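Report on the structure given below.
The values are calculated or read from the model by the stated rules, or taken from the named source; none is laboratory data. Since the structure is predicted, the reported quantities are computational estimates derived from the model, not experimental observations. Here the Cβ is made from the backbone with ideal geometry for all residues, glycine too, and neighbour counts use every protein chain on show. Side chains included, ligands, DNA and RNA excluded: accessible areas come from the protein's heavy atoms. Shrake-Rupley method; radii C 1.70, N 1.55, O 1.52, S 1.80 Å.
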Amino acid sequence: MKKKKDEDFKQAKFEVINKLTSDQSRYIALACEKGASSWLSALPLEQYGFALNKQEFVDAIALRYNFAIPGRSETCVCGEINTQDHSLI
């Protein structure tokens, strides 16, 4: 019974991913990798840099799921369009 459920889930996931754009499917694939969400359950230890303030957490979630980052300017100081990829470079 469990094996059938797992197969049905994998098939449904495959069908959904096939309907996404290549960028969207890339984000989903990265989010599904083993350990990709471990930062969400890590202890917020400042000595290791694991403590995020509210804004850093919101920005991290936005980057993870390719959502718009609230308050980000449209143009970078270098003059380029300020995409999320450009912001990380």
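Listed values, structure above:
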| read-out | value |
| --- | --- |
| Loop-resident sites, the chain, for chymotrypsin sites (Phe, Trp or Tyr not before Pro), counting at most 15 other Cβ within 10 Å (DSSP) | 50, 65, 67 |
| Residue-averaged 222 nm ellipticity for the chain, from DSSP H runs of 4+ at -39500 (n - 2.57), nearest 500 | -15000 deg cm²/dmol |
| Lys, Arg +1 and Asp, Glu -1 on Cβ, resulting dipole of the chain about Cα centre, debye, nearest 20 | 620 debye |
| Accessible surface of residue 8 - all protein chains present, 1.4 Å probe, nearest 10 Å² | 80 Å² |
| Carbon plus sulfur fraction of accessible area for segment 18-89, probe 1.4 Å, in percent | 57 percent |
| FRET efficiency for residue 53 and residue 83, using Cβ-Cβ distance with R0 set to 35 Å, rounded to 0.05 | 0.90 |
| Calculated FRET value between residue 73 and residue 4, using beta carbons and R₀ = 41 Å, to 0.05 | 0.20 |
| Sparsely packed trypsin sites (Lys or Arg not before Pro) within the chain, loop by DSSP, other Cβ within 10 Å at most 11 | 19, 34 |
| Length released on extending from residue 65 to residue 29, taking residue separation times 0.36 nm less the Cα-Cα span | 11.9 nm |
| Rounded accessible area per residue of the chain, 1.4 Å, Å² | 87 Å² |
| Equivalent ellipsoid semi-axes, the chain, via Cα gyration tensor eigenvalues times 5, rooted, Å | 31, 21, 9 |
